[in-house]
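A short worksheet on the structure shown next.
The values are calculated or read from the model by the stated rules, or taken from the named source; none is laboratory data. Everything quoted here is computed from the prediction, not taken from an experiment. Cβ sites come from the backbone with ideal geometry, for glycine too, and all protein chains shown count toward neighbours. Note: accessible area is taken over every heavy atom of the protein model, side chains too, but ligands, DNA and RNA are not part of it. Shrake-Rupley method; radii C 1.70, N 1.55, O 1.52, S 1.80 Å.
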Amino acid sequence: MRRSIPQFIKQFYVCFIFCLSAGLMLAQGTISGTITDKDGEGLIGATVFVKGTTIGTVTDVTGNYSLEVPAGEHTLMYSYVGYGSYERNIIVENGKKYTEAIALSLDNLSLSEVVVTGTFSGRTQKESPMSITMINAAQLQQLSSNSQADILRTIPGITAEGGGGEVATNVFIRGMPSGGQYAFTPLQVDGLPVLSTFGLNSSAHDVYFRNDIGIRNLEFVRGGSSTLFGAGSVAGIVNYTSVTGSAEPENKVQLEWAEGGRIKTDFLASGPLSENTFYAFSGFYRYDDGPLETGMPTRGHQIRGNIKKLFNNGNSSFTISGQYIDDNVQFYLPYPLANDSGQKERPVGNDGETVYTMLTSQATDFSFDTPFGRFKSPIGDGVTTEGGYIMANLQHAFGDNWRLSTKAKAAKYDHWFNLFLDGDGVHNVPETQDNYLADRDIPDNATFTYADDGSELAASDLLFQNRILDRQRPMEELVGETYLTKVVGDHSISFGTFVANTRADDNNWISSFVGDFRNGSRMVNVAYTDSLGNDVNYSTDGFISGDQTSNRYHGSTKVAFFAGDEIQLDNFNIDIGVRWERATGIISRETGVGSNTFQKGEVETSDFALALAGLYKINSAANVYANFSKGYFFPQLRSVSFSAPGRPQSYEPESILQGELGAKYGKGNLAATAALFYVGLSDRRNVDFENDPNNPTNVIEVVQLQSTRTVGLETTLNYTVMDGLNLFGNFTYQAHEFTKVEGNEEQVGNKLRRQPNVLGMVGVNYQNSGFDANLSGNFLGKKFANDSNTVELDGFGIVRLDAGYKFPLGDKESLRLGVSVFNLLDTAGVTEGSPRQGNSQTGTASEFFVGRPILPRRIFVRAAFDF
């Protein structure tokens, strides 16, 4: 089912193309030089920025830079993540060349690094009246092992669960209930959301994008004015910024090997195409038999790139960027764990080996009839994504202190999310053969034989009946954002618009099979003779039944207008902003697949966001700040039901109130931040996938109206013990509760599921000459697996180590050999119970508990060449 592009979207792109012709031919000069640390070592990827403009560049592998700057008086800002920023005034004359060599000093919490996310103009973290976390390229390379969770769990206030593998990370932001899909924190790349609408289906947005070594940094901005930008942030923005080329070529190749048969190659190549045109391309190829052995290897690749053109004498830039991805990974849902009086651990299977997953390659060839023909399950491919985007970015500084920023992106992906569920929907745990027959009214003359060789199961062997859910979810999107900024004295006044049109299908097939209980479960034939003497096959090669369960389409159109003023006084910084947005949704769902009867309708609503923030500079080392925001969240379209044919139920925005009072300190060897925060969420339409009580083989979406309230404390600390040795950590305490649960009023006062009260991280980082090492540990306290708070999960920690040595190979060449260990202590903390069981799950009533532990220890070896 296809939809035409709305007329206003077409008009937007016409306006965007028109903007490309705008420009003023101005005189210019050239500024070049080197940015180093205090020891004279070049800083790779450091930023040079002309304050009050969009003109900037980054350094190459040796710290060199070159920048075309319009004639006149300017302030240059030099910065690098982890180092203090430096400002220098310069008068540029036409045609002249200037050399500026800058040495930056360490700044432990990056308080002096320039932030570009959640603000209309670049400013340092220290001067921003909100909580901000920044991670540079080197740190990202050290952290990335299995998924986005490996990176995001290092950020204060974020609980990130990566037990499912490389995609579909569950991200929980301080004070917010279970969301998934990055619902409360849009995932952005280069300033635009990976996907601008939440809830067209249940695929998380990280299925469309993978990190590679072409990422320059990550900025996570929460609360405050971040509510005004992009897709309409609720709790913050996760923004990855890509490397762009500079006058000096930069090339990098990284080879990676890991336990479980993983091989990965990353590359980055950037440099000049001409005097004012630069390129950067990056990507990876990966093959993996892990991280858990399933017999279903995964492979894939991604290529990203951009070409940046400076024109109008360096006063403007136009960047075309794009991505192509063709990748597949396996996804791991909860499975039955051994449950000894509430102590949950990985169980032992029929073969005497520890069971790590119930994914099995023996279930990859099933097919069955549907109203639309024979369907063959693609479960062996796991989660697959093929497609990409093309993006255009125009930055222009007009005369009289006017600046224009315009971004537009078109994306299209063919996406399947295929997964093994966590049980048959009724029993969900291993069963003895006698119990299996009795509970299904199968005569006791039945036989159990392995499908692969015909041998009989041992009498003590357990059975596990499970389901496969195949979900086809193609997606298309057009999105754009434009704003103008005018600097008037101490005021930086901006106004602009955001538009997006997104469509996605959601077609589901579900099938059931039976196997034995072990890693790589073997399929089991169950056969018996009925009362009439007929031979009956209850399962054939393990397969029991299959059907298509949904044929749905959801489309969304958003139009937003926003305005803000960033005021910079001698000792005060003040932010004021407002955003208004209208959302329109199109819903089409077939009632009974193949019935040719549909529920169709449109919904529409609007709301506004307000942001107020202020920062007071006590002295050069300390600031205090406060911010308040009133935000909104448009309900997921998949949560909207129908009261009558053509009549969708009400579609009202969900309201979010946030407030923060904090302080930032940075001087000498010590940097620290602390903030008290409040989060209130009203009338959230929470959507869960649960087992269908009327059809146990199926799963359905259960919608519940909830309100929540949270107060808490967040702190960060960084201390330099000596040159090269740094201690760091963060701590978050949050007291959260439900204040409204429609239909389950007894849950009012309960704690939010899967949100611990306490979380934090401690670590040590060492760098000396060519050697570097980082050891860190995350801790998450106890939490509840469901809203009814009937299942409490113990707290756990994850320790990771990364160390390496860089060998110089020439003036600009080097080789870093490194090792990284995820989950160094091989802990098996349980991150969640079974969402399919919902509030019916209990923690101690059975010898098995369906839950998902963190992934086991995995060792990575890397060789990175810079040249």
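Listed by position, the strands (runs of 3 or more DSSP E) inside the range 167-268 whose residues that are polar (S, T, N, Q) number at least 3 are 237-242. Within the range 462-493, being modelled with pLDDT under 95 and part of a loop (DSSP other than H, G, I, E, B) holds for Gly489, Asp490. Each residue in the range 780-792 was checked for being in contact with a Leu (Cβ under 9 Å, 6 or more places away or on another chain) and closer than 17 Å to Asn750 by Cα, and 6 pass. The requirement of being in contact (Cβ under 8 Å) with a residue 60 or more places away in the chain, small (Gly, Ala, Ser), over 18 Å from Asp516 (Cβ atoms) and buried (at least 22 other Cβ atoms within 10 Å of the Cβ) is satisfied by Gly480.
Restricting the search to strands (runs of 3 or more DSSP E) fully inside the range 299-404 and requiring at least 3 residues that are open to solvent by less than 30 Å² (accessible area, probe 1.4 Å) and touching a strand residue (DSSP E or B) at 6+ places or on another chain (Cβ under 7 Å) gives 316-329, 335-340, 383-397. State all residues of the range 730-759 that are free of Cβ contacts under 8 Å to residues at least 40 places away in the same chain and on the phi > 0 side of the Ramachandran plot; if no residue qualifies, say none. Result: Gly743, Gly749. Please find, within the range 134-170, the residue that is farthest from Tyr335 (Cα to Cα) out of those that are at pLDDT below 85, surrounded by 23 or more Cβ atoms within 10 Å (Cβ to Cβ) and among the hydroxyl-bearing types (Ser, Thr, Tyr). That would be Ser145. Have a look at Ala459, Ala438 and point out the one that is open to solvent by 10 Å² or more (accessible area, probe 1.4 Å) and either on the phi > 0 side of the Ramachandran plot or part of a loop (DSSP other than H, G, I, E, B) (or both). Going through Ala459, Ala438 in turn, the sole match is Ala459.
Here's the yes/no breakdown for (1) in a strand (DSSP E or B); (2) touching a residue at least 60 places away in the same chain (Cβ under 8 Å); (3) within 25 Å of the chain's Cα centre (by Cα):
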| site | (1), (2), (3) |
| --- | --- |
| Gly777 | yes, no, yes |
| Thr790 | no, no, no |
| Arg800 | yes, yes, yes |
| Ala803 | yes, no, no |
| Lys806 | yes, no, no |
| Lys812 | no, yes, no |
| Leu815 | yes, no, no |
| Leu825 | no, no, no |
| Arg836 | no, yes, yes |
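Applying the set (1) touching a residue at least 60 places away in the same chain (Cβ under 8 Å); (2) in contact with a strand residue (DSSP E or B) (Cβ under 8 Å, 6 or more places away or on another chain) to Thr432 leaves exactly one unmet item: (1). Any idea which residue in the range 635-652 is surrounded by the fewest Cβ atoms within 10 Å (Cβ to Cβ), counting only those that are without any contact (Cβ under 8 Å) to a residue 60 or more places away in the chain and assigned to a loop (DSSP other than H, G, I, E, B)? Only one residue fits best here, namely Ser650. Scanning the range 202-216 for residues that are open to solvent by 10 Å² or more (accessible area, probe 1.4 Å) and either closer than 18 Å to Ile237 by Cβ or not acidic (Asp, Glu) (or both) turns up Ser202, Arg210, Asn211, Ile213, Arg216. The criterion of being of a type outside the set (Ser, Thr, Tyr), touching a residue at least 24 places away in the same chain (Cβ under 8 Å), at positive phi and assigned to a strand (DSSP E or B) holds for Gly271. Out of the residues in the range 496-536 that are in contact with a strand residue (DSSP E or B) (Cβ under 7 Å, 6 or more places away or on another chain) and part of a loop (DSSP other than H, G, I, E, B), which is farthest from Ala451 (Cα to Cα)? Step by step, filter the range 496-536, then rank; the result is Asp530. Candidates Gly232, Gly261, Gly223: the one that is modelled with pLDDT of 85 or more and at positive phi is Gly261.
If you check Arg579 against the conditions, is it within 30 Å of Thr497 (Cβ to Cβ), assigned to a helix (DSSP H, G or I) and charged (D, E, K, R)? So Arg579 fails the test.
All of Ser282, Ser270 fail the test of being open to solvent by less than 10 Å² (accessible area, probe 1.4 Å) and out of contact with any Lys or Arg (no Cβ under 8 Å at 6 or more places or on another chain), apart from Ser270. Selection of the range 596-617 for residues being of a type outside the set (S, T, N, Q), in contact (Cβ under 8 Å) with a residue 12 or more places away in the chain and more than 14 Å from Leu228 (Cα to Cα) yields Lys600, Gly601, Glu602, Val603, Glu604, Gly614, Leu615, Tyr616, Lys617. Counting only strands (runs of 3 or more DSSP E) that sit wholly inside the range 667-750, those with at least 3 residues that are open to solvent by 50 Å² or more (accessible area, probe 1.4 Å) and under 30 Å from Glu41 (Cα atoms) are 699-722. Is it the case that Arg852 is charged (D, E, K, R), touching a strand residue (DSSP E or B) at 6+ places or on another chain (Cβ under 7 Å) and open to solvent by 20 Å² or more (accessible area, probe 1.4 Å)? Taking the combined requirement at face value, the residue does not satisfy it. Of all the residues in the range 552-589, those that are open to solvent by less than 40 Å² (accessible area, probe 1.4 Å) and either closer than 30 Å to Phe464 by Cα or of a type in the set (Asp, Glu) (or both) number 4.
Kindly check whether there is at least one residue in the range 537-560 that is closer than 29 Å to Pro430 by Cβ, in a loop (DSSP other than H, G, I, E, B) and in contact with a strand residue (DSSP E or B) (Cβ under 9 Å, 6 or more places away or on another chain). Checking the range 537-560: at least one residue is closer than 29 Å to Pro430 by Cβ, in a loop (DSSP other than H, G, I, E, B) and in contact with a strand residue (DSSP E or B) (Cβ under 9 Å, 6 or more places away or on another chain). Candidates are the residues of the range 243-256 that are touching a Lys or Arg at 6+ places or on another chain (Cβ under 8 Å) and at pLDDT below 95; the one that is most open to solvent (accessible area, probe 1.4 Å) is Thr244.
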